[in-house]
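Working notes, structure below.
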Amino acid sequence: MARFIANGDSSSAVEAAKKIHKRSKSAASEALLVDAYIARIAALIGRNLEAEARNLMERIRGLYPSARARLPEIKALFGVRKGALDAILSPLNDPLLTEDRRAAIYKIIACQVSDLDVLAECQVLAAEHPLRKTARDLLTALKAVTSGPVDDQALAFPEISRHSPFASWKMLLRAIAAFYRQDKELCERCLTAIDPQTAPALLAPALRAMLGQKQTLTPASDLLVKQAGGSFETLRPRLQKLDQLFERRNMAQAVREIREVIGTCRGNCPVILERLKQHISVRALIAGLQPDKLQSALQGEVVLRDAYFWRLLARSSEDPMLHPNALLVACSFWEEFRRHAVREALLPAAGPEVATLYLHMADLVDRIPEEERSSLRNQFVIRFDGHEQFYRNQSAEIRGVMLPRGKIDTYFMFPEKLLERACQVDPCVENFQRWFDWTTRNYPAISEYVARRWSAAFPKDVRPLLHLMDHAEKTNSLQKAFDFMQQAEFLDGLNPQVRKARLRLLVSIAVRHFQKKKARLSELDLEALEVLPQIEQGDRKAFVAALRWVSSMLWGSQAERETRSANVAKLLNSEVAAQVVLRGVARACKLPGNVVAPIAFPPATKLVPGIARACALGADMGFQFEIPDIAYARLMQELSSSDLPANLPGLAAMGEAALRAENWILAYTVAGAGLAGNPTGHAGFLFIRAVSLPPWEVRRHDACLAAASELARRQRDHGLLDKIGQWRDSELDGIAPLDAGLSMSSEQVNKVIEQETEQREYPKSNPQPSLPDDDDGYCDCPKCRRERAGMPPGFEALEAMLDDMVDEFGSKNIEAALNEIFAGPSKQKKKKRRRGPWESDRDIPF
């Protein structure tokens, strides 16, 4: 009998129970018969035969005494379909409940419960009861599978067995997922596995109808098919045809096809009609269909201009090829979307979602070339009416969002305003950092204002204080920079940037006080410097000692000057380095030139180690020391000798000093010596070699610069990369070498280093052959490159190629080809061109 009940055959179960009770006439057989009758009543209720079920209930109550005790359970069956599950589920809390009774309750749940939400919220069971928990999980999966793609693992439900009351629900979810993936075979297999007696089986005919099978549907199932787009297959080919007509700009036929599409949708998928009209309206606008023709195609039906419409229009307009003002127009559409989305509660008035929208709009405006923004903005503002035409014939609720002409705010045309708004609605560090970076690149004058706003919003963030400190230092507001440094030090005293800034600023302030001959303040500065832990690093104590020497030069005695000068030499362990440092510090403090004694290097002393050490100390402290002119010959001799120490400290700083003095030969030689040393410094020496090369060594220059950039990228040497970029901007007018944008392999970089290491002699003359008379004076230095109308470096290769083409094809043919390239083809009858979207001012969707 239990097998009959489990299989849904309640009639056979009753017949079998009757025979058993007729033979036994016992209380156990009567209880078995009552169980069969209860299953029969549940089956009748499931078939909407409630009257027959009530008659059967009254009949067994009079015939069998044990049925009277279970009358509440029987009556509860009639409330199951209405969501009253307490009575039927309460026996599940009994730990002594028999397996037959439990199976019967599960069968009722499977067959009668069609609303999982009611089961999930049933309070008669504990919150963690398996039935309630599984019902909640199934509800979550049902919402997911009907909203978008779902991974198969999310629909596995290993806890639901074939005998579970939720087995059919599991197969229904898999069938829905297969349907949306267009896997008809899998969908049908899942539908076949659904028990026809269970509640989920009611949805099987609707799903099969959406698969294209002929089904006899109830009115409710028919409505479900239409709402779910079950007949969308009839609409799909028409939409594809309409899209092809728009692509071919066949507007006359497109108008007729729109009418057919709308009619088909109204008959088969009426629920998506409003959304479809919005999509067609936007697609037609982008394709260039006139508004009056579109309205005719829609047969006068109004297209709803809600947030969904404005989002579609904005996304479709983000193509600068549509119109020169397309990106500004797209931003204006996004602004309309924002206001409508806030009204419809799709977006909050403030928050990360709105900030993301502002940032996206800022990115769009940034795509407009800087030189074109001003004129495009002026054109836009003159004609912009707040998209008044889109609000015609709209409801009062929609029109209420439209801004009148006098209140239109065109903030969306300015990235700085958009970034500021993003920080207002979502004041997070990332947004302020992005705002600051943008202003630093485009409007450095207002970067201080942004950093102050950032610091006010996040008073415990050290980064805006560092930005303010750097800005004040660059504008020579040293005391202000020092104040910002102290605030940053209070927040994060261990920050390496802060620790470096304290030393750098104290040195700069001390030098300024020396320049202004302020003895007391200078003494206080030196005392503060001498107690800094950072001053113990490297040769920095020698620099402070040099400042002490400056103090003695201004206010001390001759003996004190000699003592402090000797102290600098002692700390540097080099008389040569001491003379360079003292002379450089004296120049920084603006001491009179006749105060400092002329440099006199000892004859037998090596100059390269000392001068390199002095230049490195100056670079470390932020000062540019000069190489004495009298040392040039001896430096060249020492750098060319074979006994030069490998990996000499400060050699790169000496090369930079040679570049500043435009001593190209010395810089070239320093780079050669450095390339023969430690590989970690090769990037810097390649840059020095590239800058020092003569103008006719174009290929070597480009190869060295590209190799230097490649090594700097690998080593993440941002300082060198910035230096290379600044040099290109200043010397080449931003024109990069031919291979600067290409990445070099390790073999290519090593080959460049090997070649440059071998070439120790500075190129003495232009190896190119003599040029024709009309090209006399040709030069490929940066200045001459700019004078040649911005032609890129290496364009002489193009000239050689043209000469070869002239020899092969003749000068007249080459001349005709060039005229056609640069002046256009010869005049001939022009064909009428199809008008593209938004080509005339009248077509721009304002």
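The values are calculated or read from the model by the stated rules, or taken from the named source; none is laboratory data. As the structure is a computational prediction, the values presented were derived from the model and not from experiment. Here Cβ is always computed from backbone atoms with ideal geometry, including for glycine, and neighbour counts include all displayed protein chains. We work out accessible area using only protein heavy atoms, side chains counted, and drop any ligands, DNA or RNA first. Shrake-Rupley method; radii C 1.70, N 1.55, O 1.52, S 1.80 Å.
The table below lists the values:
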| quantity | calculated |
| --- | --- |
| Label-to-label distance, nm, for residues given as Trp555 and Asp643 (7 Å Cα→Cβ offset) | 4.7 nm |
| Gained length - Asp722 relative to Arg339, 0.36 nm times residue gap less alpha-carbon distance | 133.6 nm |
| The range 118-213, dipole about Cα centre (Lys/Arg Cβ +1, Asp/Glu Cβ -1), debye to the nearest 20 | 120 debye |
| Gap separating the Cα centres of the range 401-462 and the range 159-174, nearest whole Å | 54 Å |
| Accessible surface ranking that places the most exposed of Ser551, Ser642, Ser477, Ser743 first, with a 1.4 angstrom probe | Ser642, Ser743, Ser477, Ser551 |
| Charge context of Pro404, other residues only, Cβ under 12 angstrom, K/R +1, D/E -1 | 0 |
| Separation between Cα centres of the range 604-671 and the range 97-156, rounded to whole Å | 82 Å |
| Gain in span if fully extended, Leu524 to Gln715, counting 0.36 nm per residue against the direct Cα distance | 64.7 nm |
| The range 492-569, relative contact order [Cα under 8 Å, separation at least 6], % | 24 percent |
| Flagged links, alpha-carbon separation over 29 Å, of Lys18/Lys170; Lys590/Lys764; Lys723/Lys751; Lys460/Lys541; Lys570/Lys590 | Lys18/Lys170; Lys590/Lys764; Lys460/Lys541 |
| Rel. contact order, % - alpha carbon contacts under 8 angstrom, at least six apart, the range 100-203 | 26 percent |
| The range 109-238, accessible area per residue, ligands and nucleic acids excluded (1.4 Å, Å²) | 54 Å² |
| Extended-chain gain in nm, criterion 0.36 nm per residue less alpha-carbon gap, Asp243 and Ile665 | 145.2 nm |
| The range 642-698, relative contact order in percent, only Cα pairs under 8 angstrom and at least six apart counted | 35 percent |
| Glu344, Glu257, ranked by accessible area, largest first (probe 1.4 Å) | Glu344, Glu257 |
| Loop trypsin sites (Lys or Arg not before Pro), the range 109-157 (other Cβ atoms within 10 Å of the site Cβ: 14 or fewer; DSSP) | none |
| Simple spin-label estimate for Thr234 and Gln759 in nanometres, 7 Å along Cα-Cβ | 7.8 nm |
| In the range 377-455, trypsin sites (Lys or Arg not before Pro) in a DSSP loop with at most 15 other beta-carbon atoms within 10 Å | Arg392 |
